[in-house]
Amino acid sequence: MTTVLHEQDPFLLVNDPGFMADPHPAYAALRTAAPVRRATTPDGSPVWLVTRYADVRLLLNDPRLSLSKRNSAGKGYGGFALPPSLDANLLNIDPPDHTRLRRLVTREFTARRVEQLRPFVRRVTNEMLDQVACQSRADLMAALAMRLPLTVISELLGVPPEDGQQFRSWTTNLLAPQPGQPPEQAKEAVAGLHRLLINLVVQKRAKPGGDLISALVSVREEDEERLSEDELTSLAFLILWAGYETTVHLIGNGILALLTHPEQLARLQAQPGLYPSAVEEMLRFANPNPFSIRRFPLEDVRIGEHTIPAGDTVLLCLAAAHRDPSRFRDPDRFDVAREDNAHLAFGHGIHHCLGSALARLETEVAVSTLFERFPGLALARPVDHLSWRPSFRSRGLQQLPVTL
């Protein structure tokens with residue numbers, strides 16, 4: 001049965017299991033009937049939803065839309081509350097500060113540095129799969145998808161092994177809380193991660209290593225401009241925040257897409273050179289982020305028949321844009337060899353995701369290694385019996401039970 005979008009509050013559908021299992025008919029109805037419309041998030045914040053590909057792509061790079069919460073005028077959704085020293089990151093600032101910070105960061109957070117992690121990612125993936133190889137069944141969310149990104153981020157940032165367990169505990173409590181978890185645990189996790197990251201920056205400044213934080217501590221421009229302590233701490237937190245949850249669910253959603261499209265999986269197993277293309281299709285077809293980060297117009301912005309007032313909150317719906325038939329041929333078909341796949345999963349323009357190469361690498365290695373080792377992998381329960389996390393911020397599985 002197709003879920004019908006709520007007339008006023010489509011975000012209420014996050015509590016509808018049918019919508020979470022397949023939200024795309026509802027997004028298609030919204031894209032056709034009301035491509036720009038008002039809505040209310042579950043916490044009561046008023047927002048504008050934009051759903052057509054052309055509009056979403058244009059607005060992702062529109063300088064009239066700010067990422068800074070200072071420009072929200074207190075009118076709408078601001079996102080998760082963080083201490084000021086964790087909030088000075090690329091997702092909360094605009095040019096010229098954004099330009100300066102991104103220029104300093106991209107000098108070290110390069111595709112080359114990320115590619116150097118490939119042997120480590122493959123080794124860790126194999127170690128995690130070794131732990132379930134003797135079992136007949138496994139939950140791949142718990143065994144692989146939730147573990148791998150955090151392990152890679154710890155290596156990238158240079159988190160000392162003695163801090164690893166606490167780092168994982170705080171991160172899990174903050175980014176992947178259990179149902180019914182007291183809100184105090186999230187606050188404690190933020191405070192704990194804040195202390196750990198501050199100490200990490202201090203340690204790397206005193207004794208640099210080969211990790212990303214050590215490189216960023218030393219990076220500077222010719223005029224001696226460098227990252228401040230708050231910028232370093234916020235950047236480390238951003239890498240953790242943005243690099244964890246998205247990659248966890250991209251791996252899970254990508255595996256599920258292949259298991260539910262056996263003809264595409266067979267093609268991929270016959271042509272493993274298609275894995276990079278398959279990851280791009282996972283990013284379009286099974287992207288875990290339904291929306292880009294919220295934006296706030298600096299002035300009234302006209303989109304189609306609507307004028308969005310300055311200071312209102314705008315959410316650009318990537319999930320709807322990625323199935324827009326005006327941009328993608330046969331958009332509801334999963335095709336690991338799709339050409340002209342101009343998805344917007346990592347944004348567009350000056351705010352294109354800094355960690356896109358890392359997410360691609362982790363997903364490609366995790367999925368390819370998994371199916372190389374377990375070519376007969378199959379779902380352990382019907383797809384319509386899988387449980388999805390009830391969240392409007394991300395779409396991801398709670399478990400992914402498989403037979404090995």
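The values are calculated or read from the model by the stated rules, or taken from the named source; none is laboratory data. Here the structure is a predicted model, which means the values were calculated and not measured. Backbone-built Cβ (ideal geometry, glycine too); neighbour counts: all protein chains shown. Please note that ligands, DNA and RNA were not included when accessible areas were found on the heavy atoms of the full protein model with its side chains. Shrake-Rupley method; radii C 1.70, N 1.55, O 1.52, S 1.80 Å.
In percent, how large is the relative contact order of the range 202-309, given Cα pairs closer than 8 Å and 6 or more residues apart?
Working: 54 pairs, mean separation 17.0, N = 108.
About 16 percent, as a whole number.
Grab the Cα-Cα distance for L82 and S387, subtract it from 0.36 nm times how many residues apart they are, and report the gain in nm with one decimal. Write out the running numbers ahead of the final one.
Working: separation 305, 0.36 × 305 = 109.80 nm, distance 2.95 nm.
Stretched fully, the L82-S387 segment lengthens by 106.8 nm.
With a 1.4 Å probe and all protein chains in place, put K69, K187 in order of accessible area, largest first. Before the final figure, lay out each step's value.
Numbers: K69 55, K187 150 Å².
The most accessible residue leads, giving K187, K69.
Hey, got the dipole for the range 273-404? About the Cα centre, +1 on K and R Cβ, -1 on D and E Cβ, debye to the nearest 20? List each step's numbers first, then the result.
On the way: 15 positive and 16 negative charges, 74 e Å.
I would put it at about 360 debye.
Residues in the range 254-291 near a label at Q181, defined as backbone nitrogen under 17 Å from the 7 Å Cα→Cβ point?
Taking a point 7 Å out along Cα→Cβ of Q181, no residue of the range 254-291 has its backbone N under 17 Å.
Which one of D335, D94, D22 has the biggest mean-square fluctuation once the chain is modelled by GNM with Cα springs under 10 Å?
D22
Please find the FRET efficiency linking R103 to A73, where r is the Cβ-Cβ separation and R0 is fixed at 25 Å, and quote it to the nearest 0.05. Walk me through the intermediate numbers first.
Working: r = 29 Å, r/R0 = 1.17.
About 0.30, to the nearest 0.05.
Under a Cβ-only charge scheme (Lys and Arg +1, Asp and Glu -1), can you give me the dipole magnitude of the range 93-132 about the Cα centre, in debye to the nearest 20? Walk me through the numbers before you get to the answer.
Details: 9 positive and 6 negative charges, 52 e Å.
Result for the range 93-132 is approximately 240 debye, rounded to the nearest 20.
Starting from 0.36 nm per residue, how many nanometres of slack lie between N341 and A111 once their C-alpha separation is accounted for? Working shown, then result.
Values: separation 230, 0.36 × 230 = 82.80 nm, distance 2.02 nm.
Net length gain for the segment: 80.8 nm.
Could you tell me the relative contact order of the range 29-143? Use alpha-carbon pairs under 8 Å, at least six residues apart, and round to a whole percent.
Values: 56 pairs, mean separation 17.2, N = 115.
Value for the range 29-143: 15 percent.
GNM on the chain, C-alpha springs below 10 Å: top fluctuator among G252, G376, G349?
G376
Given axes a ≥ b ≥ c from the Cα gyration tensor, I'd like to know whether the range 295-404 is rounded (a/c under 1.5), prolate (a/b larger than b/c) or oblate.
Values: a/c = 2.15, a/b = 1.93, b/c = 1.11.
Prolate is the answer for the range 295-404, as a/c is 1.5 or above and a/b outweighs b/c.
Over the chain, what relative contact order in percent results from Cα pairs under 8 Å that are six or more residues apart? Can you show the working numbers first?
On the way: 610 pairs, mean separation 109.8, N = 404.
So the answer I get is 27 percent.
For n ≥ 4 DSSP H runs only, could you compute -39500 (n - 2.57) per run for the chain, divide by its residues and tell me the 222 nm figure to the nearest 500? Can you show the working numbers first?
On the way: 16 runs with 184 residues, N = 404.
Estimated from H runs of four or more residues: -14000 deg cm²/dmol.
Gaussian network model of the chain, Cα springs within a sub-10 Å range: biggest mean-square fluctuation belongs to which of A270, A359, A278?
Its mean-square fluctuation being the largest, the pick is A270.
Give me the percent of the accessible area of the chain that comes from carbon and sulfur atoms, probe 1.4 Å, all protein chains in place.
Working: 9280 of 17810 Å².
Of all accessible area on the chain, carbon and sulfur atoms account for 52 percent.
Could you let me know the centre-to-centre spacing of the range 234-274 and the range 88-159, using Cα atoms, in angstrom?
Comparing the Cα centres of the range 234-274 and the range 88-159, I get a distance of 13 Å.
What range in the chain is the longest one free of GluC sites (Glu not before Pro) that are in a loop by DSSP and have at most 16 other Cβ atoms within 10 angstrom?
Values: sites that count: E7, E108, E221, E222, E224, E225, E299, E305, E339.
Result for the longest clean stretch: 109-220.
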